[in-house]
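The values are calculated or read from the model by the stated rules, or taken from the named source; none is laboratory data. Just so you know, these numbers come straight off a predicted model, no measurement behind them. Neighbour counts run over all protein chains shown; Cβ positions are idealised from the backbone, glycine included. Side chains included, ligands, DNA and RNA excluded: accessible areas come from the protein's heavy atoms. Shrake-Rupley method; radii C 1.70, N 1.55, O 1.52, S 1.80 Å.
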Amino acid sequence: MNMKIAFVGKGGSGKTTLSSLFIRHLAAVGAPVVAIDADINQHLGPALGLDESESAGLPAMGDRLALIKNYLRGTNPRIASAESMIKTTPPGEGSRLLRVREDNPVYDACARPVELDGGAVRLMVTGPFTDADLGVACYHSKTGAVELCLNHLVDGPDEYVVVDMTAGSDSFASGMFTRFDITFLVAEPTRKGVSVYRQYKEYARDFGIELKVVGNKVQGQDDLDYLRAEVGDDLLVTVGHSDWVRAMEKGRPPRFEHLEDVNRRALDTLRATADATYERRDWERYTRQMVHFHLKNAQSWANERHGADLAAQVDPDFVLGEGVVEPA
């Protein structure tokens with residue numbers, strides 16, 4: 001199976017911890033994984049066992065946007081220059097695509113291997129956000145680098161792309177929330193945790209988004225009943241206290257095979273649920289949604305900023321998919 005998977009949730013929900021456990025779970029069975037930290041708070045590297053200096057040394061995708069654009073543009077005649085590409089620019093005839101297992105200049109510049117029990121994963125990070133970034137264009141350019149890569153990504157059989165995202169409204173404005181086969185929303189059994197779920201569900205409703213809730217910090221039947229009452233059938237699994245996670249958070253994780261059985265079964269369920277969405281994958285709808293958000297962004301701000309009609313970047317005959325052949 002080939003899957004693009006998002007983990008979302010409010011700060012402190014345990015979203016990054018759960019996404020890191022899922023990445024370790026995939027690595028343990030030898031699956032090829034590209035892991036991307038697209039959260040405002042960059043915590044995925046440490047959750048995968050990197051120390052502070054290693055995490056700080058990861059190359060930021062947001063700082064390499066020109067390289068990413070130049071590579072992905074390829075020979076696409078509809079894109080006049082790398083500068084004219086925006087975060088929603090879709091691929092077309094002549095564009096270069098990214099594949100999970102290959103080597104390419106984008107991975108060379110932005111990805112680093114992280115050794116985990118059972119294998120290595122490729123880790124990419126948007127880069128740290130500062131107060132100056134928030135609410136201005138460069139903040140969007142950092143997450144925009146992730147969106148451009150997802151727009152040009154073709155994942156093949158038995159490959160996984162796992163993105164640790166924020167649950168904020170920025171991913172809705174750009175359309176990044178439609179780039180995934182399934183979205184796991186990590187929610188605590190609290191009013192705040194459930195309100196994030198409701199907001200996401202509302203936004204996702206019109207776009208056929210596969211959304212499942214992972215209940216975290218669930219301590220008893222009362223917590224479980226609360227989540228079941230509030231999110232219904234969208235509740236997939238729950239996770240409680242983990243001594244393994246506590247040791248990991250202290251920087252001393254045991255071997256992954258020692259993760260508690262109940263939590264291992266929860267991760268098995270996440271993977272099986274993600275794999276099951278493959279049969280429902282619709283590349284035409286995926287491409288159509290990409291174009292929808294590009295046209296929306298072009299009209300609302302990008303045409304004016306670039307002094308051109310960026311609707312012209314859309315190749316009406318192009319459908320992204322596993323059989324697409326790139327230029328030599």
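Checking the a/c ratio against 1.5 first, then a/b against b/c, what shape does the Cα gyration tensor give for segment 148-257? Oblate shape, in that a/c is at least 1.5 and b/c is the bigger or equal ratio.
Add -39500 (n - 2.57) for each DSSP H run of 4 or more in the chain, then divide by its residues: what number comes out at 222 nm, to the nearest 500 deg cm²/dmol? Spell out each step's value before the answer.
On the way: 13 runs with 125 residues, N = 328.
Counting only the DSSP helices, I get -11000 deg cm²/dmol.
Whole number in Å², please: accessible area per residue of the chain, 1.4 Å probe, ligands, DNA and RNA not counted.
I get 44 Å² per residue for the chain.
Given a 10 angstrom Cα cut-off, can you work out which residue in Lys192, Lys250, Lys15 is the most mobile in a GNM of the chain? Between Lys192, Lys250, Lys15, it is Lys250 that shows the largest mean-square fluctuation.
With a/c under 1.5 counting as rounded, go ahead and sort segment 24-75 into rounded, prolate or oblate using the C-alpha gyration tensor (a ≥ b ≥ c being the square roots of the eigenvalues; past the cut-off, prolate if a/b is larger than b/c, else oblate). Mind dumping the intermediate values first?
On the way: a/c = 2.74, a/b = 1.39, b/c = 1.97.
Since a/c reaches 1.5 but b/c is at least a/b, the shape of segment 24-75 is classed as oblate.
You can think of it this way: the chain between His292 and Asn104 has 64.8 nm of extra reach, that is 0.36 nm per residue less the Cα-Cα gap.
Using +1 on the beta carbon of Lys and Arg, -1 on that of Asp and Glu, and nothing else charged, what's the dipole of segment 1-150 about the Cα centre, debye to 20? Walk me through the numbers before you get to the answer.
Details: 15 positive and 16 negative charges, 119 e Å.
Once rounded to the nearest 20, the dipole reads 580 debye.
Placing unit charges on each Cβ (+1 for Lys and Arg, -1 for Asp and Glu) gives the chain a dipole about its Cα centre, and among Pro254, Pro77, Asn303 the Cα reaching farthest toward its positive end belongs to Asn303. With all protein chains in place and a 1.4 Å probe, the accessible surface of segment 17-162 carries 51 percent carbon and sulfur. For Ile36, the amide hydrogen comes within under 5 Å of the amide hydrogens of Met124, Val162, Val163, Asp164, counting only partners 5 or more places away or on other chains and with H modelled in the peptide plane.
Carbon-plus-sulfur fraction of the accessible area of segment 193-328, 1.4 Å probe, in percent? Could you put the intermediate results ahead of the total?
Working: 3710 of 8000 Å².
The computed percentage sits at 46.
Within a Cβ distance under 10 Å of Thr88, other residues only, what is the Lys/Arg minus Asp/Glu net charge? The partial results should precede the final answer.
Working: positive: Lys87, Lys296; negative: Glu147.
Counting the neighbours of Thr88, the net charge comes to +1.
Between rounded, prolate and oblate, where does segment 199-304 land on the alpha carbon gyration tensor, with a ≥ b ≥ c its root eigenvalues, rounded for a/c under 1.5, else prolate if a/b exceeds b/c?
Working: a/c = 2.21, a/b = 1.92, b/c = 1.15.
Since a/c reaches 1.5 and a/b is larger than b/c, the shape of segment 199-304 is classed as prolate.
Spin-label model, Leu224/Ala80: points 7 Å from Cα along the beta carbon direction are separated by 6.1 nm. For the chain, modelled as a GNM whose springs connect Cα atoms under 10 angstrom apart, the maximal fluctuation among Ala109, Ala27, Ala312 occurs at Ala312.
Expressed as a fraction of 2.2 N^0.38 Å, the C-alpha radius of gyration for the chain is 0.97.
In a reduced charge model with +1 at each Lys and Arg Cβ and -1 at each Asp and Glu Cβ, segment 238-286 shows a dipole moment near 200 debye about its Cα centre.
Rank Ser242, Ser53, Ser13 by mean-square fluctuation in a GNM of the chain with C-alpha springs under 10 angstrom and give only the top-ranked residue. Evaluated over the chain, the most mobile residue of the options is Ser53.
Residue-wise HN-Hα couplings along segment 180-186, as the Karplus relation 6.51 cos²θ - 1.76 cosθ + 1.60 with θ = phi - 60° gives them from phi, are 10, 6, 8, 10, 9, 9, 8 Hz; Gly and Pro carry x.
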